[in-house]
Structures are given as structure tokens and as C-alpha cells.
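Q: Questions regarding the structure given below will be posed in turn.
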Ligand SMILES: Cc1cc2nc3c(=O)[nH]c(=O)nc-3n(C[C@H](O)[C@H](O)[C@H](O)COP(=O)(O)OP(=O)(O)OC[C@H]3O[C@@H](n4cnc5c(N)ncnc54)[C@H](O)[C@@H]3O)c2cc1C
């Protein structure tokens, strides 16, 4: 379709082209244009394409009108990543592009539309003997394949198979002129069976935060699901021993996934489970006897409530180990525990990783604290050798702010992971009293949100959180950390070397000459 250049809002044309049911205007846009942390500019409209052709037409129309384009997957990020940063924009919601295009068990890949959630993809693959190697972030109930690849998501399967981008075989990208660019073997019109064909084109679009184009389809590799899993949980008395345990475990390469928490984070989860369990009970009572809420209730009770040792541990680390046979999984778990104990860990009940494996994706209750507090995480990846010094600096950072944080009712917890053998994820999540936003109303079940304590916003607290986030990002930087999920919240263009920046800017100009795709992302 060829569209003449327009110098007016593209919204009437979009309505004409797609139908009014696929174009949201007015008050309805706020729920889409607010992320977990905040909102910025409101878009002229939220557009929900139902096909790749719709998506291409939408991009052509917006580009012809000089309108900025922001793309939202599941909207589960919190780094301003999909938030409009300019006044004249449209927000494309990918939720309508959620089909499985090809499940090719013989050639070992699955092609999906990029707006499919990880939970939906897993549900479809559970009917086969396969899974994708990386199979989603904890937010995979809402988070999409396209959004996760765009910001280097990690978690389920990451110990064994790396980040989201490492499971990608091929991508179909809609660039700013509406063309469909294909990568790997698909670039020459062949099936999307190989990523490796000349320079790695798919890699240019992984972690781009949607600034280089919109992922319309993604092909991911498949691997056989291992039928047996063992779970290990270990307590550590301090960060030094936790970090050493995770480092040594990563070098062994025995687990499929793992995560670790400090005591504040564990206690917050234990407290939240009581609320979720109560809510799930009420839901199950009005649902069928096999209601998923019933399952959720049992899981959170047995998972978080099952371990007193968890609440008492200064740090706890949780591992999922897989095997083709039960004895293989058990042997790996025994070996892993030996490594963790040698690093200073003590075995505690393993209910949390068992719960996570039974229900890897749950509604996003964690977007609020256990008492309905606001929540936002911040993270950095460090080389293992920088962790002790950074941890001391973080303690010092909070010690200097304790009085203000207590006065304003702000608290924090930590989550940790080894990423491959060489990097350590140090994530901090903040909780503070504040009003729920259109994001929470858009995302959380009404009954759950309504039962939480409601608190007004406080300007001093909000400003304190903003400043603390900014200062912590600087602290991460001073200790050599890098970040995933860059969005518009972490520095990138301003901190990378001139040669790297020049090349990335040249790529951006080639695929998006008017700079309309997610302006502000990556500081490009
Ligand atoms: C409760 C909770 C748990 C979380 N757990 C994890 C975790 O375990 N691991 C982790 O890494 N993160 C986690 N996150 C952060 C976030 O959910 C993930 O990074 C997730 O992958 C984001 O996917 P999304 O579809 O929601 O993307 P969005 O938030 O919608 O978008 C993210 C970025 O991708 C771009 N984008 C979206 N779709 C496309 C597309 N089709 N083409 C091009 N660009 C696109 C957007 O413009 C934006 O820049 C969590 C968040 C929450 C709220």
C-alpha cells in the first residue's frame, strides 16, 4: 500500500485503515502509556495491529506524517522503555500479534508473532516434547517474546542457555519505512532455520529497545524438555559468601536456572503470599473446582510459607537442576550442593524453586509491595571481582540515607544471579508509599488491587526515589557495571566509545532516517 505524505495527525487515517476497534484514543491510552514506574507524554493514540501487514501499514502511515512510533509488548518494563518521550506520537501495542506461525519440530524451531507472551508460548509447547532454551522472564505472564528480546531479558533457563537473545534464530523486523527485513537464512528467502549466515543481522536488533525497528516475528530454537528436575535452596550468612557461591556454581554449569535474594526481599515475598493466597481463595471459590487460582493458592502457600529458614536467612539462593533421568538430576544437584556448601552455604528447604518450576509465570502481583507499596527495581551487571567493593559501596550509600528512608517509609530488597561464568547481576528493588497508577489498574486483577491499602502520593517521597535512582545508576557506573533493559533510564550512547557510537548511529540512520522509532532510547 502506498500512502501519501501527511502533515497532520495520522490517527484518522489509522482508524480508516484498521477500524476504530484497533485504535484507542482518549482516556484509554493512559493504561498503555504508563509503565511500572511512571508515565511521560501521552500518545495521540494506541494502535493494536492484528497482522504483520497492519503493522507495516501503521508504521508507513505514522512515518509519512512524521509521527514518532513507540512499541509496547507486554508493558512489563520499568525503564521508560516504551513510554512516549515526545508529544506527537503513536504507541503500537503488539498484543494482537500473538500467533504461533510455525512449530517445526523436525527442524527444531518455532516461529511466533512477536506479541505472544512467554506464558502462551510455553502453554503451546507443553503439548509437545519441546521448550525454547530461554523460556521467559518472571514477568512472562504479560511479557512478550518481542519485548524481551528487545531488552535482553533473562531468567527461566538462563543459567544453562543464556539470555533471551541467545535463543533467537531469526527475526522479521518492520523498519521505519514499513519494509520487512529478515535475518539469517531467511534473508535469502530460505526458511528461518539458521541465525548464522554472514554477519549476525539478528544480533543488531536484540537489545535495541525497539529503536532499530519493530520485531514482527521471531524464530526461536527448540530443545527437548528434560523430564526430571531437582531443586536446591541454600542460605548464606553474607554477600561475600553468596557471591562466591554463585560464581563457583556458574563455573560448574550444573543448573538450568537460579536466583538469590536478601532477607528483606524474602520477607516481602512471604508477606505478599498471604495476600495472594487470600485473593486466590476468593477467586477459586467463585471459579470451577479446577480453577487456576486454587493452584496458585496452594503453590504460594507451599512455596513461600513452607520455609521458616527462608525468612531467617541473610541471603538465600535457589537452583533448578534438570536431567533426562532422575538419578542424573539428583547427581547434578548433589554436586551443586557440595560446591555451594564449600563456599559457605547451608542447605534449607527447597520449596521456593519447586514452586517457581511448577508456576514459572503468575499475574504481576510483584509490581506492588506486599502492602500495596509502589515498587521499582534497578540493576547492574558487574564482573565477579567487582562485587565485594560494590556491595560495600551500596551499604554505605543506604547508610547515608537511612534516616530519610525511614521517615518517608521507603525500604529496599536485593535480588542476585550469576549471568554466565563472567557476570553477576546485582538488582535492588525499592518500595515506597504512593498512589496506584493507571499501569496497576491496567495490569492487576481488580479484586486484588481493591483489597490493598491505598495511599496518596507524596511529592517529597517521589522526588527522593527519583534522585536515589539517579545516584545509584551513577554508583553502578563508577563500579564498572553495565545494564540490560536500557530503555531511557540507563546511560548508553553517552558512555560508550566514539567508534562504537558512530557505528550504532549509522545503523540507526539506515533503518530509521527520520529518527521516529522510539526516540530517546539508548541515547542514540
Ligand atoms: C513482576 C516483574 C518481573 C520481571 N521479571 C523479569 C525477569 O525475570 N527478567 C528480566 O529480564 N526482566 C524482568 N522484568 C522486566 C520486564 O518484564 C522484562 O524485561 C520483559 O522482557 C519485558 O517484555 P515486555 O513484552 O513487557 O516489553 P515492554 O515492557 O512492552 O517493552 C520493552 C522494550 O521493548 C520494546 N518492544 C516491545 N515489543 C517490541 C517489538 N515487538 N519490537 C521491537 N521492540 C519492542 C519496547 O519499545 C521497549 O523498549 C520483570 C518485570 C516485572 C514487572
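The values are calculated or read from the model by the stated rules, or taken from the named source; none is laboratory data. Just so you know, these numbers come straight off a predicted model, no measurement behind them. In this analysis, Cβ positions are derived from the backbone assuming ideal geometry, glycine residues included, and neighbour counts consider all displayed protein chains.
Q: Scan the stretch 145-157 residue by residue and report those that are near the ligand (Cβ under 8 Å from one of its atoms), farther than 15 Å from residue 202 by Cβ and more than 9 Å from the chain's Cα centre (by Cα).
A: Residue satisfying the conditions is 156 alone.
Q: Quick one: count up the residues across the stretch 494-514 that are away from the ligand (no atom under 15 Å from the Cβ) and within 30 Å of residue 61 (Cβ to Cβ).
A: 7
Q: Now for a separate question. From (1) surrounded by fewer than 19 Cβ atoms within 10 Å (Cβ to Cβ); (2) closer than 25 Å to residue 521 by Cβ, pick out the condition that doesn't hold for residue 45.
A: (1)
Q: Does any residue in the stretch 48-73 that is more than 19 Å from residue 28 (Cβ to Cβ) come within less than 8 Å, Cβ to Cβ, of a residue that is away from the ligand (no atom under 11 Å from the Cβ) and part of a strand (DSSP E or B) six or more places away or on a different chain, and which pairs are these?
A: Short answer, once both residue conditions are applied: 52/180; 56/180; 68/89; 68/90.
Q: Just one of (1) crowded, with 16+ Cβ neighbours inside 10 Å; (2) touching a helix residue (DSSP H, G or I) at 6+ places or on another chain (Cβ under 9 Å); (3) within 15 Å of residue 468 (Cα to Cα) trips up residue 365, so point out which.
A: Result: residue 365 fails condition (3) only.
Q: While we're looking at this one, here's another question. Does residue 460 fit the bill of being loosely packed, with under 12 Cβ neighbours inside 10 Å and either touching a residue at least 24 places away in the same chain (Cβ under 8 Å) or over 30 Å from residue 278 (Cα atoms) (or both)? So that I can check it myself, show each step before the final result.
A: Working: loosely packed, with under 12 Cβ neighbours inside 10 Å: yes; either touching a residue at least 24 places away in the same chain (Cβ under 8 Å) or over 30 Å from residue 278 (Cα atoms) (or both): yes.
So residue 460 passes the test.
Q: Could you run through the stretch 347-372 and say how many residues are within 16 Å of residue 278 (Cα to Cα) and more than 14 Å from the ligand (Cβ to nearest atom)?
A: 2
Q: Here is a check on your reading of the model: is residue 425 assigned to a helix (DSSP H, G or I) and within 22 Å of residue 366 (Cα to Cα)?
A: On the way: assigned to a helix (DSSP H, G or I): no; within 22 Å of residue 366 (Cα to Cα): yes.
No: the conditions fail for residue 425.
Q: Determine, yes or no, whether residue 306 is modelled with pLDDT under 85, touching a helix residue (DSSP H, G or I) at 6+ places or on another chain (Cβ under 9 Å) and not in a helix (DSSP H, G or I).
A: Details: modelled with pLDDT under 85: yes; touching a helix residue (DSSP H, G or I) at 6+ places or on another chain (Cβ under 9 Å): yes; not in a helix (DSSP H, G or I): yes.
Considered against the rule, which asks whether it is modelled with pLDDT under 85, touching a helix residue (DSSP H, G or I) at 6+ places or on another chain (Cβ under 9 Å) and not in a helix (DSSP H, G or I), residue 306 comes out as yes.
Q: Among the numbered conditions (1) farther than 30 Å from residue 126 by Cβ; (2) touching a helix residue (DSSP H, G or I) at 6+ places or on another chain (Cβ under 9 Å), tell me where residue 396 comes up short.
A: Single failed check for residue 396: (2).
Q: Here's another thing I want to ask about it. Restricting to the stretch 87-139, count the residues that are within 16 Å of the chain's Cα centre (by Cα), assigned to a loop (DSSP other than H, G, I, E, B) and crowded, with 24+ Cβ neighbours inside 10 Å.
A: 7
Q: Moving on to the next point. Which condition breaks for residue 273 when tested against (1) assigned to a helix (DSSP H, G or I); (2) farther than 17 Å from residue 164 by Cβ; (3) at pLDDT 95 or above?
A: (3) is the only condition that residue 273 fails.
Q: Then there's this: For the condition at pLDDT 95 or above and within 12 Å of the ligand (Cβ to nearest atom), what is the one hit in 80, 126?
A: Numbers: 126 fails: within 12 Å of the ligand (Cβ to nearest atom).
Going through 80, 126 in turn, just one is at pLDDT 95 or above and within 12 Å of the ligand (Cβ to nearest atom): 80.
Q: Taking residue 402, is it in contact with a strand residue (DSSP E or B) (Cβ under 6 Å, 6 or more places away or on another chain) and farther than 22 Å from residue 244 by Cα?
A: Here the answer is no, as residue 402 does not meet what is asked.
Q: Considering each of 211, 162 in turn, give the residue that is within 26 Å of residue 250 (Cα to Cα) and within 19 Å of the chain's Cα centre (by Cα).
A: Details: 211 fails: within 26 Å of residue 250 (Cα to Cα).
Going through 211, 162 in turn, just one is within 26 Å of residue 250 (Cα to Cα) and within 19 Å of the chain's Cα centre (by Cα): 162.
Q: May I ask you to verify whether residue 455 is surrounded by fewer than 20 Cβ atoms within 10 Å (Cβ to Cβ), without any contact (Cβ under 8 Å) to a residue 12 or more places away in the chain and away from the ligand (no atom under 16 Å from the Cβ)?
A: On the way: surrounded by fewer than 20 Cβ atoms within 10 Å (Cβ to Cβ): yes; without any contact (Cβ under 8 Å) to a residue 12 or more places away in the chain: no; away from the ligand (no atom under 16 Å from the Cβ): yes.
No.
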